[in-house]
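Please read the structure below before turning to the comments.
The values are calculated or read from the model by the stated rules, or taken from the named source; none is laboratory data. Keep in mind the model is a prediction, meaning the values are calculated, not measured. Ideal geometry is used to build each Cβ from the backbone, glycine not excepted, and the neighbour counts take in all protein chains shown. Note: accessible area is taken over every heavy atom of the protein model, side chains too, but ligands, DNA and RNA are not part of it. Shrake-Rupley method; radii C 1.70, N 1.55, O 1.52, S 1.80 Å.
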Amino acid sequence: MPQWIAACATDDVDPEDVISFEHAGNAYAVYRSPDDAFFATDGHCTHERELLCDGLVMGGVIECPKHNGRFDYTSGKALGAPVLVDVRTYPTKVEDGTVYIEVP
Amino acid sequence: MTGPGGVVPGGVVVVGAGECGTRAALALREEGYAGPVTLVGGEPGHPYERPPLSKAVLSGAADLTPLCTPERLVDAGVTHLAGVAATALDVRAHEVALADGRVLGYERLLLATGARARPLPGALVLRSHADAVALQARLRPGTRVGVVGGGFIGLEVAATAAGLGCAVTVVEAAPRLMGRAVPERLAARVAARHAEAGVAVRCASPVARLEPGRIVLADGQVVETDVVVAGIGSAPETALAAAAGLAVADGIVVDGSLATSAPDVFAAGDCCSFPHPLYDDRRVRLESWRAAQEQGVHAARALLGDPEPYAAVPWFWSDQYELSLQVAGLPGAATEEVVRVRPDGAELWFGLDAGRLVAVAGIGTGTAVAKDVRIGELLIAQRAAPDPAALADPGVALKPLLRAPSPVG
């Protein structure tokens, strides 16, 4: 049953950056784009399961902090070796300064 | 299909099915090449990632990580000949001879032959999966492990062996660890972490000889061992190229677009020496997972006609215990250094030359330094000359020092 979960305050994420969020034992990454839109993906890279939240966010791309696998964080699309599998994305919404993500 | 004289005609042949060669073979298809692609590798089995061999594979925590799914090679139409070494290259005839007697013709050839561990008689080495399996079988709680060489491989083996309960001694000829690639301050922190784990680290201790059950040091001292592992560097695999008359000087000599001295033959990865435009076209040979990958992709484009020079910033990492070390650029090119100590205990080291940032290194728990080192790498690529005071101040964010927001790439 999908449900909306409060992940963080909008101010918790700097523009063009990412933070981690855990819910029910799962890690998620919450992104804020330069134009203040919010996105969410699985918290782990699909390559070696490194946590993505220590990675660099630039130009709509999150880069794995370990092996530089790159994903479009808005779509989850893997952008080339070493990552071969897209990262899962989750819907987000902002209400009263809180970022919510919809988890399954 | 064979042509005259039993020669398999045409296409691209990639010699070496490691990180570099396999990425190149796949990249040829991604770049739209439609001809035959043959990937020749001396090791048996499917191409795999080497970095875990000294860490999770050696500890038994993980199996091999394949470089891609077997289906992906098939879907890309890459013919992978595993367990077959290339034995001779005829650059005039455009032919490669294989150990099983086959001869492959090529239109373009990529040598991605890698490097081999420098041997030390009486010691095991770690380069291949087979090496890792052989070493792992010897690592039991209480095993006395002597590691010769305090570089990345030796220290990763030491950390893994210590984690398995072995009694580990590292002997290094130089006055400190990782002298070739890592700034002294960060190396000292790694040394302290090894000491904390109970690893005996003995620097300035050149080895005189190995005897059964012991390492004899130059000063006459003896380290008792059950198993000895040598991590004393690697040598580029250049025999095939040299025998074919290609220019070789600490690696197969290539130009900026990774072309060798022979027509239609390119080389990439650990085996090649290339001029680096960020470092005054100084010749560089990298033993680096990421460079192998990037040069493989670059070579694929180059042999299809793209003249763009290879200019990526060198990048290395090492995991030991919970610590991760990352290095971007060439620390040896620095004439001035700046240190930033972050509130979380992570440390960054910046190397400058005439004001320009030429290297960044960082050490911290897990991936704590990854973002800062990556930004440092982008600054190096931009030939930036950041204010040293800003670099030293942990309160100054590094990202705004980048010249303009450019896509990660």
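When restricted to residues that are touching an Asp or Glu at 6+ places or on another chain (Cβ under 7 Å) and hydrophobic (A, V, I, L, M, F, W, C), segment B:83-103 contains 2. The set of residues from segment A:1-40 being open to solvent by less than 30 Å² (accessible area, probe 1.4 Å) and part of a strand (DSSP E or B) comprises A:ILE5, A:ALA7, A:CYS8, A:VAL18, A:PHE21, A:ALA27, A:TYR28, A:ALA29, A:VAL30, A:TYR31, A:PHE38, A:ALA40. Note on segment B:28-46: among residues that are open to solvent by 10 Å² or more (accessible area, probe 1.4 Å) and under 16 Å from B:ALA97 (Cα atoms), the one that is farthest from the chain's Cα centre (by Cα) is B:THR38. Taking the conditions exactly as written (surrounded by 21 or more Cβ atoms within 10 Å (Cβ to Cβ), part of a helix (DSSP H, G or I) and in contact with a Leu (Cβ under 8 Å, 6 or more places away or on another chain)), does B:ALA25 satisfy them or not? Judged against the criteria, B:ALA25 is a match. On inspection, B:LEU378 passes the criterion of being within 14 Å of chain A (Cβ to nearest Cβ), within 24 Å of the chain's Cα centre (by Cα) and surrounded by 20 or more Cβ atoms within 10 Å (Cβ to Cβ).
Of A:GLY69, A:GLY55, all but one fail to be over 11 Å from A:GLU16 (Cβ atoms) and either more than 13 Å from the chain's Cα centre (by Cα) or hydrophobic (A, V, I, L, M, F, W, C) (or both); the exception is A:GLY69. Taking residues in segment B:23-36 that are at positive phi, and partners anywhere that are part of a loop (DSSP other than H, G, I, E, B) and surrounded by fewer than 17 Cβ atoms within 10 Å (Cβ to Cβ), the pairs with Cβ atoms closer than 9 Å and at least 6 places apart or on different chains are B:GLY32/B:LEU304. Across segment A:60-67, a minimum of one residue is classified as of a type in the set (Val, Ile, Thr) and facing chain B (nearest Cβ under 8 Å).
As a summary of the residue check, A:HIS47 satisfies the conditions (1) in a loop (DSSP other than H, G, I, E, B); (2) without any contact (Cβ under 8 Å) to a residue 24 or more places away in the chain except for the one numbered (2). Regarding A:VAL87, is this residue away from chain B (no Cβ under 14 Å), free of Cβ contacts under 8 Å to residues at least 60 places away in the same chain, in a loop (DSSP other than H, G, I, E, B) and not small (Gly, Ala, Ser)? It is true that A:VAL87 is away from chain B (no Cβ under 14 Å), free of Cβ contacts under 8 Å to residues at least 60 places away in the same chain, in a loop (DSSP other than H, G, I, E, B) and not small (Gly, Ala, Ser). Checking each residue in segment B:32-78 for being among the hydroxyl-bearing types (Ser, Thr, Tyr), closer than 28 Å to A:GLU50 by Cβ and not in a strand (DSSP E or B) picks out B:SER54, B:SER59, B:THR65, B:THR69. Among the residues of segment B:123-134, are any open to solvent by 60 Å² or more (accessible area, probe 1.4 Å), assigned to a loop (DSSP other than H, G, I, E, B) and not basic (Lys, Arg)? No.
Please determine whether any residue of segment B:104-119 is closer than 17 Å to B:GLY41 by Cα, open to solvent by less than 70 Å² (accessible area, probe 1.4 Å), out of contact with any helix residue (DSSP H, G or I) (no Cβ under 6 Å at 6 or more places or on another chain) and part of a loop (DSSP other than H, G, I, E, B). Within segment B:104-119, one or more residues are closer than 17 Å to B:GLY41 by Cα, open to solvent by less than 70 Å² (accessible area, probe 1.4 Å), out of contact with any helix residue (DSSP H, G or I) (no Cβ under 6 Å at 6 or more places or on another chain) and part of a loop (DSSP other than H, G, I, E, B). Quick check on B:THR160: is it part of a strand (DSSP E or B) and either crowded, with 19+ Cβ neighbours inside 10 Å or assigned by TED's automatic domain parsing to the domain that holds B:TRP349 (or both)? Criteria not met by B:THR160.
Identify all residues within segment B:293-349 that are charged (D, E, K, R), buried (at least 17 other Cβ atoms within 10 Å of the Cβ) and within 14 Å of chain A (Cβ to nearest Cβ); write none if there are none.
B:GLU294, B:ARG301, B:ASP319
With respect to (1) modelled with pLDDT under 90; (2) more than 24 Å from B:PRO52 (Cβ to Cβ), the lone exception for A:HIS47 is condition (2). Restricting attention to segment A:41-59 and to residues that are facing another protein chain (nearest Cβ under 8 Å) and open to solvent by 20 Å² or more (accessible area, probe 1.4 Å), the residue that is farthest from B:ARG290 (Cα to Cα) turns out to be A:GLY59. Scanning segment B:382-397 for residues that are within 13 Å of another protein chain (Cβ to nearest Cβ) and either open to solvent by less than 10 Å² (accessible area, probe 1.4 Å) or assigned to a helix (DSSP H, G or I) (or both) returns no hits. Only one of the listed residues (B:LEU210, B:LEU240) is aliphatic (A, V, I, L, M) and surrounded by fewer than 20 Cβ atoms within 10 Å (Cβ to Cβ). That residue is B:LEU210. Look at segment A:23-40: where a residue is within 14 Å of chain B (Cβ to nearest Cβ) and a partner is part of a loop (DSSP other than H, G, I, E, B) and open to solvent by 20 Å² or more (accessible area, probe 1.4 Å), sitting 6+ places away or on another chain with Cβ atoms under 6 Å, you get A:ARG32/A:PRO15; A:PRO34/A:PRO15; A:PRO34/A:GLU16. Is there a residue in segment A:59-67 that is assigned to a strand (DSSP E or B) and basic (Lys, Arg)? Within segment A:59-67 (the criterion being assigned to a strand (DSSP E or B) and basic (Lys, Arg)), the answer is no, since none of the residues qualifies. What are the residues in segment B:275-291 that are on the phi < 0 side of the Ramachandran plot and assigned to a loop (DSSP other than H, G, I, E, B), if any? B:ARG285, B:LEU286, B:GLU287, B:SER288 - these are the residues of segment B:275-291 that are on the phi < 0 side of the Ramachandran plot and assigned to a loop (DSSP other than H, G, I, E, B).
Mind listing whichever residues of segment B:142-157 are assigned to a helix (DSSP H, G or I) and either without any contact (Cβ under 8 Å) to a residue 12 or more places away in the chain or closer than 18 Å to B:ILE215 by Cα (or both)? B:GLY154, B:LEU155, B:VAL157 - these are the residues of segment B:142-157 that are assigned to a helix (DSSP H, G or I) and either without any contact (Cβ under 8 Å) to a residue 12 or more places away in the chain or closer than 18 Å to B:ILE215 by Cα (or both).
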